[in-house]
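Before any comments, here is the structure.
Read the figures in this text as sums done on the coordinates, not as results from a lab. Since this is a predicted model, take the numbers as computed values, not measurements. Here the Cβ positions follow ideal geometry from the backbone for every residue, glycine too, while neighbour counts run over all protein chains shown.
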Amino acid sequence: MTTSVSSRHRTLSLAGALALALGLSTIPFAPAGAQAPAKAPGAKPWVAPRTPDGKPDFQGNWSNETQTPFERMGNQGPTLTDAQAAALEKRAQDVEAFRDRPTEPGEEATKTNGTYELAAVPGEPTFVERIAQAAGGAVGGYNGFWLDPGNKVIRIDGVARSSIVVDPPNGRVPPLTDAGKKRMAERAALSKKFGEFDGPEMRSLSDRCLTSFGSNLGPPMLANYFYNNNYTIVQTKDHVMIMTEMVHDARVIRLGATQHAPSQVRPWFGDSIGHWEGDTLVVETTNINPLQLSQMSGLGPYRGASDKVKVTERFTRTGPDVLNYKFTVEDPENLTAPYSGELPFNRINETIYEYACAEGNYALPGMLAGAREQEQAKVEPKK
C-alpha cells in the first residue's frame, strides 16, 4: 500500500530468517528504486529546483521501498547483471500477482494453496519473502494484501546493487568489538530474567506504537521490507523536517547549528544538525534514544550500539524524481569499523495519510491478557 488510512503491524521475529537469508549464496530479490533517467545526446543537464533561499528543494513525498537487502547475502558481488536484476524484478511481480489472485468459492485455506497467510509461491523465495514468512511466527502474519515492499532493486547510476551497505566492501556490518560483545551479552542476560509477555516494557517499540518496526526514520533511514516506506519532507531556511508514514514519526534537523544538545538529552531519533556542502545536505545525528539503541534486530542498523554512536547522512537531488541518500554509521565502542550505505528515495505523487497504529490500544492488551490466561491455566487444576 503506497498510502493507507489505517495500517497495522506486529512484532517481527526475524533473526532466524535473516541468518538463513544472509547465508544463502543466491536469493532472488527484486530491484529498489528508479534512478535519474539517462541523458539524451545534446540534452541540457538537469538542474535541481531551488527554495526561496537558493538551496536545492527536497520538499514533497518520497519512498525508499526496496527488495534489496540491508546487508549482502552469501557470496554475491556488489552489483547485479542486467539479466539478474530483470529476473528478480519479474519474480517480485509474479509473487504479487500470485497472492492477489481470486480465491475460489469454498476453497480451504492451506499452507500450499496460497490462501493461507503468506503461502509459498512456486519458485525460489526472495529475501523479502523469507522475512515476511518468518514475521508471523507460529501464529501467522499478514496475507499478501497488506504488503507493499516494492518490486525493484536499488540501482545507482543505472547499476543494480546487491545490498544497501556498500562499505566495508563485503557489504556487511562490521563485527562487534569486545566491548560490544559484552554489552550485547549483558542485554541478552537481562532480557532472560523476564518473560517476553511479562509487561508492555518487554514488547518491541513497534508493538507499543512508539516507532516503526525496522529503521524507517532511523537514522539511518532504511526500508522495513513490508509497507509504508513513505516520507514527507518540509524545508525552510533554518530547518528540514522529515516525517515517515509509519507511526507518523518526525525528525527536525537544525540547519547551521554547530553543537548538539547536551549528552543527557536523548530524544527519539536523536539530535540532528545539518549544513550544506554545495547542493548536498549533510546531517549529523547523535544522542539517539537509548531504547532505540538497545534494539538488536539483525535488520536494524544499531546492533546494540553504544551511546557514542554517530550517523552522518548526505542528501542530494540527482534527478526530478530521485533523492540520493548516503549514510555512515560510526560507533568505535561497539563496531570494529564504521560502515556506509546508499539508496535512492523516489518521488511519489500520492497523498500520505495518518498511520493509525492500533497495536498499543488493542493488540498489546490482548497479547498480555492472553499470556495471563496461559499462566493461570498452568496453575489451575485440570477439570
Response to the item:
Placing +1 on each Lys and Arg Cβ and -1 on each Asp and Glu Cβ in segment 170-347, then taking the dipole about the Cα centre, the residue among 227, 304, 257 whose Cα reaches farthest towards the positive end is 304
Worksheet item: Separation between the residue 252 and residue 275 pseudo-spin-labels, each 7 Å from Cα along Cα→Cβ, expressed in nm?
Response: 2.2
Practice prompt. Can you tell me the dipole magnitude for segment 170-347 around its Cα centre, using point charges on the Cβ only (Lys, Arg +1; Asp, Glu -1), in Debye to the nearest 20?
Written response: 260
Worksheet item: Using a Förster distance of 25 Å, how high is the FRET efficiency between residue 186 and residue 208, based on the Cβ-Cβ distance and rounded to 0.05?
Response: 0.65
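Based on the Cβ-Cβ distance of residue 103 and residue 196, what FRET efficiency does E = 1/(1 + (r/R0)^6) give at R0 = 35 Å, to the nearest 0.05?
Values: r = 34 Å, r/R0 = 0.97.
It comes out at approximately 0.55.
Excluding residue 280 itself, what net charge comes from residues whose Cβ is under 12 Å from its Cβ, given Lys and Arg +1 and Asp and Glu -1? Mind dumping the intermediate values first?
Details: positive: 55, 314, 317, 326; negative: 277, 279, 313.
Once positives and negatives cancel, what remains is +1.
Can you give the FRET efficiency for residue 87 and residue 178, using 1/(1 + (r/R0)^6), R0 = 45 Å, r = Cβ-Cβ distance, to the nearest 0.05? Working shown, then result.
On the way: r = 42 Å, r/R0 = 0.94.
The calculated FRET efficiency here is 0.60.
If you filter segment 133-217 for chymotrypsin sites (Phe, Trp or Tyr not before Pro), then keep DSSP loop positions with at most 13 other Cβ within 10 Å, what is left? It would help to have the intermediate numbers written out before the result.
Numbers: sites: 142, 145, 146, 194, 197, 213; in loops: 142, 194, 197, 213.
Answer by residue number: 194.
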Worksheet, complete the sentence: Phi angles of segment 363-372, converted by Karplus (6.51 cos²θ - 1.76 cosθ + 1.60, θ = phi - 60°) into ³J(HN,Hα) in whole Hz with x for Gly and Pro, give 5, 5, x, x, 4, 5, 5, x, 5, 5
Worksheet item: Spin-label point model (7 Å from Cα, Cβ direction): what's the residue 307 to residue 354 distance in nm?
Response: 3.5
Discussion item. Averaging the inverse of every distinct alpha carbon separation and then flipping it gives the Kirkwood radius. What is it for segment 170-347, in angstrom units?
Written reply: 17.1
Discussion item. Please list, ordered by chain and number, the residues whose modelled amide H lies under 5 Å from the amide H of residue 60; skip anything fewer than 5 residues away on the same chain.
Written reply: 233
